[in-house]
Amino acid sequence: MKPLVRQIINLLPAVLALVILPACQTMDAISEVGAAVGQGAGVLTPQQAQSVKKAGSAVGKTFDSITPEQEYYIGRTVGAVVINQYKPLANEEANHYLNVLGQTLAQFSDKPETFGGYHFLIMETEEINAFSAPGGLVFISRGMLKCCKSEDAVAAVLAHEIGHVEKQHGLQAIKKSRITSALTILAVESGKSLGGEDLAQLTEAFEGSIGDITSTMMNSGYARGFERQADQAAVTTLQRAGYDPRALVSMLTEMKKYLKPGGRDFAKTHPAPDDRIADVEKMIGAAAAVPAPVARQARFAQAVGKI
């Protein structure tokens, strides 16, 4: 058994006993244990140990008032979990295009800035899905982009995910699983200097909680009320930025053709497209359609038309 894992297992009774403390004290105490074990075993530098303490403290304080910096640390960990499951698309032009478009849209949202800034990345998967981590990390799948027939449609997807960031929906989901979220962050933070086998043993010792922090975002999905809020935010952002909000309806209509019941995609993590379409059409109302400039469609076709 690896020395680090042995020390963690020996300390688990003490860690579990900490759950009787108030929330913030619990997270801070767990942080101290994780940092001490990692540094004592020689796999964490003092700087890395401090990172563990900072991450654990950030989670503990989500029950009071989360700061933008703390949201960044939590979102960074969630993003690492996403990238571990979905390989980034190796297409510099497409990812650059997505970031320019996403950054532009974010400026028209109600939350144009985050502590670490907005970042957008294409996932190499045919699954039809998109995720947003706290703090402004947005992921969109290759399969989802194939459902988008115009830049306005891509903008609609990104604006919806920016809406989740704006409303802090991911952060609210993390609050529901206090201890497992803290343990997840400790595992990922301290595991940065470990190999795959050591990381697997470490996460197992911490009750396999890496999946817990992203279960709402990637598995069960947000409540319909949250999705409605994100769609309303998307409609507002699209209108402010000069994009046609009806592209959100067009994208949902197109996406509906490819969704597979029971699959690991948008159908599992979002309300039925027909329900969302009905809601979005009410949000848009009688607003006039926005014609797309020829140049807009041309740059879309060049950047993502052939991925």
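Restricting the search to the stretch 125-147, which residues are more than 18 Å from residue 114 (Cβ to Cβ) and not in a helix (DSSP H, G or I)? Of everything in the stretch 125-147, those that are more than 18 Å from residue 114 (Cβ to Cβ) and not in a helix (DSSP H, G or I) turn out to be 125, 126, 127, 128, 129, 141, 147. Is the stretch 281-302 home to any residue that is crowded, with 20+ Cβ neighbours inside 10 Å, at negative phi, touching a helix residue (DSSP H, G or I) at 6+ places or on another chain (Cβ under 7 Å) and modelled with pLDDT of 90 or more? Yes.
Scanning the stretch 80-105 for residues that are within 13 Å of the chain's Cα centre (by Cα), within 25 Å of residue 231 (Cβ to Cβ) and without any contact (Cβ under 8 Å) to a residue 60 or more places away in the chain yields a single hit, 86. Can you find a residue that is surrounded by 22 or more Cβ atoms within 10 Å (Cβ to Cβ), more than 15 Å from the chain's Cα centre (by Cα) and assigned to a helix (DSSP H, G or I) anywhere in the stretch 106-123? Within the stretch 106-123, one or more residues are surrounded by 22 or more Cβ atoms within 10 Å (Cβ to Cβ), more than 15 Å from the chain's Cα centre (by Cα) and assigned to a helix (DSSP H, G or I).
When restricted to residues that are under 15 Å from residue 164 (Cα atoms) and touching a Leu at 6+ places or on another chain (Cβ under 7 Å), the stretch 98-114 contains 2.
The values are calculated or read from the model by the stated rules, or taken from the named source; none is laboratory data. Bear in mind the structure is a predicted one, so any value in this text is a computation, not a measurement. In this analysis, Cβ positions are derived from the backbone assuming ideal geometry, glycine residues included, and neighbour counts consider all displayed protein chains.
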